[in-house]
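The next block holds one structure in the form of structure tokens; read it before the comments.
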Amino acid sequence: MICSVKQSVTTTINGSDLFLRKRSPAHPIQRSSLFLPVLRKPQGFSLSVSKPLHLSSAENLSLKARRDPIKCEAYDAADSSKPVEPVEPEAVNKVKIGVYFATWWALNVVFNIYNKKVLNAYPYPWLTSTLSLACGSLMMLISWATRIAEAPKTDFEFWKTLFPVAVAHTIGHVAATVSMSKVAVSFTHIIKSGEPAFSVLVSRFLLGESFPVQVYLSLIPIIGGCALAAVTELNFNMIGFMGAMISNLAFVFRNIFSKRGMKGKSVSGMNYYACLSMLSLLILIPFAIAVEGPQMWATGWQTAMSQIGPQFVWWLAAQSVFYHLYNQVSYMSLDQISPLTFSIGNTMKRISVIVSSIIIFHTPIQPVNALGAAIAVLGTFLYSQAKQ
């Protein structure tokens, strides 16, 4: 460590702090000025005087020090040798965020399209939900085994903390799939845009949290838009509507458990979602067998293959793969972008899914229904702004 004494700062020096040494006759001490000597310190430490301190007399030392104080600045010499990390340009950061969003939206749109095709031909949402989690779990196990991705270091406490998150994730995933098997994809996502309302209500009445007035006001267009869309939906189905509502509530609890339980856990977003998928799969398998069962699956499989042909296998595989990929990218993006940016991206994702599903499946929609959807999505955007 190097310590440099400069004449322009704030430490008062008393006479006892200076050590005056005798000079040789060849270099007599001038009465009008004294020089601060170099203090000898242990090896590795040096004190240098960047400018001599001139004093008219030793008696006036204290007065001079007060009038013209001295500051000792210290810095670690080792720090100066460290390379400065380059700051990522703002343009590069914007491109990175754009790539995350474009990939996230595209994968989500593709998943919803194939998921609806599968459910139209094979209406067994419990099995399709199980296959989605199984495919993602298998993909991550292969990635860890081949060292494409680094396996996370977990312990029993990690899995114990993850369990309630996995329960809520399982319920939300199955409920959303059940909803899509009964109603249009666009209607499910319109109702799911009401998730912020559930988040505020649960946090307020169960957790005792309070929010600014703007947050409560943003819930008005969300609730109003969802209600208007539900009332004017041409193919309304109560099971589909309730499935989307249960999914909203389950994902709110998933987020709450995740925030509370994963503080301080050093697991990346990609590996966190992988562990979540595996635990959710173990929870879901017995329930899927109990609700639907192999006999129903076999009968439905024969019907789907006879109506669609081998192409149905591709639909099922694509639905499973893209489900894992879009969720994985969304969790990875949380490591790179702020929560506000993520919320805005999630709102825009909802819009892209609604619009693309209406176009691809030729979903009949009334103008008032479209108005309700637009109001609900706008409310979601206002909520994300007010929350931050």
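Hey, among Ser352, Ser333, which residue is among the small types (Gly, Ala, Ser), over 19 Å from the mean Cα position of the chain (by Cα), over 25 Å from Pro212 (Cβ atoms) and open to solvent by less than 40 Å² (accessible area, probe 1.4 Å)?
Of the residues listed, the single one that is among the small types (Gly, Ala, Ser), over 19 Å from the mean Cα position of the chain (by Cα), over 25 Å from Pro212 (Cβ atoms) and open to solvent by less than 40 Å² (accessible area, probe 1.4 Å) is Ser352.
Here Ala168, Ala134, Ala145, Ala151 are screened, and the one residue that is among the small types (Gly, Ala, Ser), open to solvent by 40 Å² or more (accessible area, probe 1.4 Å), over 24 Å from Glu233 (Cβ atoms) and touching a residue at least 40 places away in the same chain (Cβ under 8 Å) is Ala151. What tally of residues in segment 86-126 results from selecting those that are buried (at least 23 other Cβ atoms within 10 Å of the Cβ) and of a type in the set (A, V, I, L, M)? Residues flagged as buried (at least 23 other Cβ atoms within 10 Å of the Cβ) and of a type in the set (A, V, I, L, M) within segment 86-126 amount to 1.
When segment 194-219 is filtered for residues that are closer than 12 Å to Val252 by Cα and among the β-branched types (Val, Ile, Thr), the ones remaining, listed by number, are Val200, Val202.
Within segment 356-383, the set of residues being among the aliphatic types (A, V, I, L, M) and touching a residue at least 24 places away in the same chain (Cβ under 8 Å) comprises Ile358, Ile360, Ile365, Val368, Leu371, Ala373, Ala374, Ile375, Ala376, Val377, Leu378, Leu382. Being of a type outside the set (Asp, Glu), assigned to a helix (DSSP H, G or I) and open to solvent by 20 Å² or more (accessible area, probe 1.4 Å) is a property that holds for Leu282. Within 19 Å of the chain's Cα centre (by Cα), buried (at least 19 other Cβ atoms within 10 Å of the Cβ), part of a helix (DSSP H, G or I) and aromatic (Phe, Trp, Tyr): does that describe Phe253? Yes; evaluated as a whole, the condition is true for this residue.
Taking residues in segment 223-237 that are within 16 Å of Ser179 (Cα to Cα), and partners anywhere that are open to solvent by 90 Å² or more (accessible area, probe 1.4 Å) and part of a helix (DSSP H, G or I), the pairs with Cβ atoms closer than 7 Å and at least 6 places apart or on different chains are Asn237/Lys182. Specify the residue that is farthest from Tyr383 (Cα to Cα); the eligible residues are those in segment 192-221 that are of a type in the set (Val, Ile, Thr) and within 23 Å of the chain's Cα centre (by Cα). Once the filter is applied, the top-ranked residue is Val202.
For segment 133-178, a tally of residues being within 22 Å of Phe322 (Cα to Cα) and charged (D, E, K, R) returns 2. Of all the criteria given as (1) crowded, with 20+ Cβ neighbours inside 10 Å; (2) within 22 Å of Ala149 (Cα to Cα), the one not satisfied by Trp315 is (2).
The values are calculated or read from the model by the stated rules, or taken from the named source; none is laboratory data. Keep in mind that this is a model prediction, so the values were computed, not measured. Every residue, glycine as well, gets a Cβ built from its backbone with ideal geometry; the counts of neighbours run over all protein chains shown. Accessible surface areas use protein heavy atoms only, side chains included; no ligands, DNA or RNA. Shrake-Rupley method; radii C 1.70, N 1.55, O 1.52, S 1.80 Å.
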